[in-house]
Amino acid sequence: MTENRSTCPHCGDRLRKWRVPLDTTWSEPFFLVCFNNDCPYYKSGWRWMKEQYGQEASYRYMLNPATGAASMIPVWDDSAMRELIIEEAEGGEA
Ligand SMILES: [Zn+2]
């Protein structure tokens with residue numbers, strides 16, 4: 001099947017390789033992140049952040065490929081953090 005393709009447990013979308021920003025405490029070079037804007041995890045995050053912190057923000061599902069630990073990255077809009085997606089060479093995508 002697709003053993004090399006990690007998918008999001010919340011929406012089933014393929015996780016994207018995402019370059020970890022240098023100004024963070026994470027030591028890994030990249031994480032796997034769900035960038036699906038229809039992901040229920042991401043969508044419910046908006047309401048949760050509003051209720052908990054009164055902030056217009058959400059978060060996306062993130063998997064640390066080195067440890068297998070699931071976490072999240074905070075985002076403030078649909079396009080946030082997308083510039084750090086590492087596009088993998090893959091047939092079919094123009
Ligand atoms: Zn997802």
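We did not get these values from a lab; they are worked out from the coordinates using the rules stated. This is a predicted model, so every value here is computed, not measured. Virtual Cβ from ideal backbone geometry, glycine too; neighbours counted across all protein chains shown.
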*Between residue 80 and residue 26, what length in nm is gained on full extension when 0.36 nm per residue of separation is reduced by their alpha carbon distance?*
17.6 nm
*Note down the net charge around residue 60, summing +1 for each Lys or Arg and -1 for each Asp or Glu among other residues with Cβ under 11 Å from its Cβ.*
+1
*Once both labels are modelled 7 Å past Cα along the beta-carbon direction, what's the residue 11-residue 69 spacing in nm?*
2.5 nm
*How about the range 1-79: which GluC sites (Glu not before Pro) there are in a DSSP loop, with at most 11 other Cβ atoms within 10 Å of their Cβ?*
3, 56
